[in-house]
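What follows is one structure encoded as structure tokens, with my remarks underneath.
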Amino acid sequence: VQLQAYGGGLVQIGGSLRLSCVASARAFGTHNMGWFRQAPGKEREFVAAISWSGPSTSYAQSVKGRFTISRDNAKNTMYLQMNSLKPEDTAVYYCAASNRGGLRYYIQDYDYWGQGTQVTVSS
């Protein structure tokens with residue numbers, strides 16, 4: 001599975017962005033997916049996860065209520081809608097796919113990674 005994330009950019013505090021992650025067609029619909037982010041000088045951290053069929057989702061506490069993860073298997077695309085953005089959301093955002101069952105929260109549980117897209121929230 002090859003993944004490509006895009007949609008990042010510069011946004012003001014309180015603004016919104018929608019990230020997209022496009023996957024190669026092969027077996028996209030059977031993979032559980034997730035978003036991670038990495039801020040400068042910090043470790044990569046979990047943001048959100050979604051099951052292969054879409055009805056199950058999970059979020060990091062820091063983004064719960066502001067971010068929404070979704071997917072459209074017919075388009076081989078996963079999304080991350082980010083609202084009420086804060087400066088601490090500034091990071092490179094990565095999408096990932098897992099061969100393992102269930103929602104996954106740890107980097108080592110993911111088998112495929114996109115190249116990342118920069119999100120910068122200006123203060």
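The values are calculated or read from the model by the stated rules, or taken from the named source; none is laboratory data. Given the structure is predicted, the values throughout are model-derived calculations rather than measurements. FYI the Cβ positions are ideal-geometry reconstructions off the backbone, even for glycines, and counts take in every protein chain you see. For accessibility, only protein heavy atoms count, side chains too; no ligands or nucleic acids. Shrake-Rupley method; radii C 1.70, N 1.55, O 1.52, S 1.80 Å.
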Are there any pairs with C-beta distances below 9 angstrom linking a residue in segment 1-23 that is in a strand (DSSP E or B) to a residue that is of a type in the set (Val, Ile, Thr) and open to solvent by 30 Å² or more (accessible area, probe 1.4 Å), with the two at least 6 apart or on different chains, and if so which?
LEU3/VAL22; GLN4/VAL22; ALA5/VAL22; TYR6/VAL22; GLY9/THR120; LEU10/THR120; VAL11/THR120; ALA23/VAL1
Over segment 84-119, the set of residues surrounded by fewer than 22 Cβ atoms within 10 Å (Cβ to Cβ), in contact with a strand residue (DSSP E or B) (Cβ under 6 Å, 6 or more places away or on another chain) and part of a helix (DSSP H, G or I) is PRO87, ASP109
Taking TRP52 and the conditions (1) closer than 21 Å to GLN108 by Cα; (2) open to solvent by 40 Å² or more (accessible area, probe 1.4 Å); (3) assigned to a strand (DSSP E or B); (4) among the hydrophobic types (A, V, I, L, M, F, W, C), which numbered condition does it fall short on, given that it satisfies the others?
(3)
Scan segment 55-83 for residues that are without any contact (Cβ under 8 Å) to a residue 24 or more places away in the chain and part of a loop (DSSP other than H, G, I, E, B) and jot them down.
PRO55, ALA60, GLN61, LYS64, GLY65, ARG66
Filter segment 1-22 for residues that are within 18 Å of ARG71 (Cβ to Cβ), open to solvent by 10 Å² or more (accessible area, probe 1.4 Å) and among the aliphatic types (A, V, I, L, M); which is modelled with the highest pLDDT?
LEU17
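Conditions tested, residue by residue: (1) closer than 16 Å to VAL1 by Cα; (2) of a type in the set (D, E, K, R); (3) in contact with a Lys or Arg (Cβ under 7 Å, 6 or more places away or on another chain).
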residue: LYS75; (1), (2), (3): yes, yes, no
residue: LYS86; (1), (2), (3): no, yes, no
residue: THR90; (1), (2), (3): no, no, no
residue: ASN99; (1), (2), (3): yes, no, no
residue: ASP111; (1), (2), (3): yes, yes, no
residue: GLY116; (1), (2), (3): yes, no, no
Pairs needed: first member in segment 105-123, more than 21 Å from ILE50 (Cα to Cα); second member anywhere, assigned to a loop (DSSP other than H, G, I, E, B) and open to solvent by 60 Å² or more (accessible area, probe 1.4 Å); C-beta distance under 8 Å; at least 6 residues apart or different chains.
VAL121/ILE13; VAL121/LYS86; SER122/ILE13; SER123/ILE13
When segment 71-83 is examined, which residues are found to be under 15 Å from ALA60 (Cα atoms) and either among the basic types (Lys, Arg) or open to solvent by 30 Å² or more (accessible area, probe 1.4 Å) (or both)?
GLN81, ASN83
